[in-house]
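So the structure is just underneath, and the comments pick up after that.
The values are calculated or read from the model by the stated rules, or taken from the named source; none is laboratory data. Worth saying up front: this structure is predicted, and the values here are computed from it rather than measured. For neighbour counting, all protein chains shown are included, and Cβ atoms are generated from backbone atoms with ideal geometry for every residue, glycine included.
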Amino acid sequence: MNSEITLNHFIGTSGEIARMDLPEACAIRLKSLGLFEGQKVQLSRAGNPMIVKAAGGKIAVAGDIAKGIYMRVAHS
Amino acid sequence: MSASVDSAASESSDASGKKSSGDKVVAMLGNPNVGKTSMFNRLTNLLAKTSNFPGTTIDRRVGRVELNDRQSISLVDLPGVYTLGASSPEEKVARDFVLGENEEVPDALLVVVDATNLQRTLFVAREALQQGRPTIVAVNFIESARRRGLEIDLNTLGRKLGCPVVGVSARTGEGFDRLKSQLAILLAGPALPLLISSGSPECPPTPAENVLTVLTDDESCGSCRVCPYADGHQWASALARESIRDGSVVSDETADRVDYFLTNRFIGPVVFAAVMVLAFSLVFWFAQVPMEWMDSGFGMLASFVSGLLPEGDFQSLVVDGIIGGVGGVMVFLPQILILFFMLALLEDSGYLARAVVVVDRWMRRVGLPGQAFVPLLAAHACAIPAIMATKVIENRRDRLAAIMVIPLMTCSARLPVYAIIAAMLFPGSPLSAAILFASAYLLGMVAAFVVAFLLKMTLLPGEASHLILDLPPYRTPSLRNALRYAYERGWMFLRDAGTVILMISIVIWALSTYPKLSDERFEEQMASRSVAVEQIGEEELDGLRAAAEQEHAIIGRLGRVVAPVFEPIGFDWKISVGVMTSFAAREVVVSTLSILYGLGPEPEDESTLKDRLSSATYPDGTKVFTTATCVSLLVFFVLAMQCLPTQAVTKKETGSWKWAAFQFGYMTLLAYGAAFVAYHAVSAFT
Ligand SMILES: Nc1nc2c(ncn2[C@@H]2O[C@H](COP(=O)(O)OP(=O)(O)OP(=O)(O)O)[C@@H](O)[C@H]2O)c(=O)[nH]1
Ligand SMILES: [Mg+2]
């Protein structure tokens, strides 16, 4: 069973995006930058804004947006 | 500065995107920051703005390219897009043009991708290919990729994409001949049927060897197959992997480490402050010596010319009006050159995006989005391109807030005024002068933040939208670009000095020379002020006479009308006139003061403008430029809205004169109020 945690609370260096709960325009922007459901991302700066690496790019996202990005947490 | 009107005008005049002379139209498409504009500049020999920050180009721009002896095309540079499906204004410009939404579709697409980051940039290439138009892909940054040991297999890439692929470098010019010849072939041939999967299950993939064929089985069963974005990105990363011959993945550990410091919660702000202070104090330091040379050069020129010409009105026109007025402004050329050079280097380095990460939180607090940082910084050169650059801010509230405060930043047209005041307040102490400079910059920034906050509390309520920013890689700035850019801006400044300022100077000279004061009137005046003309020295008499002549002339009469308005902030009538003329363009105040204080008895030595101003006195012998007046003048110029072209751009970008009028009104009141406070505060202490 997988559970989810929002990106702003995510701890660790890498993870997978489970889903996004954001306004349409915002979600499209993120997806076009390579942050889509199922994508593996690396965290490179915590805090606000945070910096994630995915799809060959480095993207700064504000904390309020990170709240709408749900990460998959694998139970061990 | 007023020079920028012209650049804005020429920018829009060839931005129509219309075909000229039946040339075929080729549109450039690609992610932001992949070097489209750099390639465009190289191909067309134009000098459109480039920088290492996504979203530099905000409007389309057309240029002519000779492909060979017989054929030329209209090349259209477009804003970068991450996807053709996006909705921000500048992305719509690109999208509409490529899709032919408002006019004919372009004859071909020139898709630009980044060799150092194919994975990221091929996504848009795929969207472009899906349009089914004749397409050519340029793999830019090829030299940079090679340096990092990354070799791209262009043949494989071309085969998989099903279109011609050329490796190029906008920096070195490599591959451009081939790009041109390939473009000519592409335009000559029949439109290739480009067959690409639409990504949806209903439409089966097309037979050409491209797109999905590079997806291996385990990749194609991802969780998100129906999502075109996931699909496209997986396709792109698979294709990128296949086309990198060397296979070695670029190590970006160094960049990560640098990023860690630059965006660190504690170190980041310190670095930020250091970079800003360093950049602006270098502008000041480096410019000092050449400015002094130019200043005394113009002084020598003036005394040389006045020796050549017979004494009289014509001599006065040339020496006081033209050399004094235009020269007074021209000496600031070194500062302008250095400012633009440094800004160009900074923009090219990739640091600015990190600065955005650092300042975003503070900016949001006053209701400005992080994206407004780059326009705010650009406003230190000139408010006009800065206001236009706010197009990258999607939210209207945020954009308005940014536009309203941008002119508070110290633009290059204010530098002459600051420099004169610094020289008067701190002659022979460059350190204090530098501090004064920095304070003026800082005052502008602080005022912008305060005003933004007040706007958020009143006229523009709401939260600034949240940051999503693609961080560009660090790159070695191009010295050539920075030099070209500085040269172009310097040239614009000179052209301005030679036209607008020359004209205003002549007008000011005429207004302050005519009508002439007759000898009888002068004697009457002296008598009425009970000055015993016979007893004072000749030199002093000349001085009195010059002052009386000026007051008698039209400008003196105008001055008397406006002087009461500015008296509370410590300006004499000449400064008041200078301030009034500077509402056309800020730097004009320097030429006006130069003329008004320069007219009169021949200075013995080659005196500089600063000397003339510092020694100016009221009729009762007190100094005009006291510390309080200097500070008040400085504060006024930091905060006042004195730039008609900026007003026009504000109107255009906000869509109404209301905002332009508001901007003018609040800035003028703010400037006057702050100058008043500064004048009285400083007067109390000195
Ligand atoms: N080393 C290197 N740098 C390049 C090359 N091409 C462009 N650059 C740099 O890359 C940065 C981005 O270039 P631009 O031409 O502004 O990119 P753009 O695609 O027009 O960007 P937007 O207008 O934001 O869409 C600038 O700093 C250029 O100096 C290249 O071939 N090699
Ligand atoms: Mg561009």
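Those helices (runs of 4 or more DSSP H) of region B:328-447 in which at least 3 residues are away from chain A (no Cβ under 14 Å), considering only elements entirely within it, cover B:333-349, B:373-378, B:383-389, B:396-405, B:415-425.
Which count do you get for residues in region B:26-52 that are assigned to a loop (DSSP other than H, G, I, E, B), near ligand 2 (Cβ under 10 Å from one of its atoms) and touching a residue at least 40 places away in the same chain (Cβ under 8 Å)? Before the answer, list the steps.
From region B:26-52, those assigned to a loop (DSSP other than H, G, I, E, B) are B:31-35, B:45-52; that's our starting set.
Right, trim to near ligand 2 (Cβ under 10 Å from one of its atoms) and you get B:32-35, B:48-51.
Still in the list and also touching a residue at least 40 places away in the same chain (Cβ under 8 Å): B:32-35, B:49-51.
So the count comes out to 7.
Checked against (1) near ligand 1 (Cβ under 10 Å from one of its atoms); (2) more than 19 Å from A:Ser32 (Cα to Cα); (3) not β-branched (Val, Ile, Thr), B:Gly63 passes all but a single condition, namely (1).
Report, by residue number, each residue of region B:66-83 that is within 14 Å of ligand 1 (Cβ to nearest atom) and either of a type in the set (D, E, K, R) or in contact with an Asp or Glu (Cβ under 6 Å, 6 or more places away or on another chain) (or both). Passing the criteria: B:Asp77, B:Pro79, B:Val81. Across region B:99-122, what is the total count of residues that are crowded, with 24+ Cβ neighbours inside 10 Å, of a type in the set (A, V, I, L, M, F, W, C) and part of a helix (DSSP H, G or I)? The number of residues fulfilling the criteria is 3.
Scanning region B:639-686 for residues that are under 15 Å from B:Arg399 (Cβ atoms), surrounded by fewer than 18 Cβ atoms within 10 Å (Cβ to Cβ) and of a type in the set (S, T, N, Q) yields a single hit, B:Ser656.
Note on region B:163-173: residues that are within 11 Å of B:Arg42 (Cα to Cα) and without any contact (Cβ under 8 Å) to a residue 40 or more places away in the chain amount to 2. Tell me which of these A:Arg72 doesn't satisfy, since it passes every other one: (1) buried (at least 23 other Cβ atoms within 10 Å of the Cβ); (2) more than 7 Å from chain B (Cβ to nearest Cβ); (3) part of a strand (DSSP E or B). Here A:Arg72 meets the rest and fails (1). Cβ-Cβ distances below 6 Å connect the following pairs, each with a first residue in region A:54-76 that is at pLDDT below 85, a second residue that is among the hydrophobic types (A, V, I, L, M, F, W, C) and part of a strand (DSSP E or B), and a separation of six or more residues or different chains: A:Val73/A:Ile5. Taking helices (runs of 4 or more DSSP H) as the structural unit, those lying wholly within region B:232-321 and holding at least 3 residues that are within 14 Å of another protein chain (Cβ to nearest Cβ) and under 30 Å from B:Arg146 (Cα atoms) correspond to B:253-262. B:Ser505 meets all of the listed conditions (1) over 22 Å from B:Ser582 (Cβ atoms); (2) surrounded by 10 or more Cβ atoms within 10 Å (Cβ to Cβ) but one, namely (1). Does A:Gly34 fit the bill of being part of a loop (DSSP other than H, G, I, E, B), at pLDDT 85 or above and surrounded by fewer than 18 Cβ atoms within 10 Å (Cβ to Cβ)? Taking the combined requirement at face value, the residue does not satisfy it.
Looking at (1) within 16 Å of ligand 2 (Cβ to nearest atom); (2) part of a strand (DSSP E or B), which is the one condition that is false for B:Ser74? That leaves (1) as the condition not met. If you go through region B:166-178 and keep only what is surrounded by fewer than 22 Cβ atoms within 10 Å (Cβ to Cβ) and either within 16 Å of ligand 2 (Cβ to nearest atom) or assigned to a helix (DSSP H, G or I) (or both), you end up with B:Arg171, B:Phe176, B:Asp177, B:Arg178. Taken over region B:59-71, the criterion of being surrounded by fewer than 21 Cβ atoms within 10 Å (Cβ to Cβ) and within 11 Å of ligand 2 (Cβ to nearest atom) is satisfied by B:Asp59, B:Arg60. Any chance you could count how many residues in region A:11-31 are assigned to a loop (DSSP other than H, G, I, E, B) and of a type in the set (Gly, Ala, Ser)? Residues that pass the stated criteria total 1. Among the residues of this structure, B:Leu99 does not count as one that is touching a residue at least 40 places away in the same chain (Cβ under 8 Å) and either away from chain A (no Cβ under 14 Å) or more than 16 Å from ligand 1 (Cβ to nearest atom) (or both).
To keep it simple, each residue is scored yes or no on (1) within 9 Å of another protein chain (Cβ to nearest Cβ); (2) under 20 Å from B:Phe123 (Cα atoms); (3) of a type in the set (A, V, I, L, M, F, W, C).
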site	(1), (2), (3)
A:Glu4	no, no, no
A:Gly15	no, no, no
A:Asp21	no, no, no
A:Ser32	yes, yes, no
A:Lys40	no, yes, no
A:Ala46	no, no, yes
A:Gly56	yes, yes, no
A:Ile65	yes, no, yes
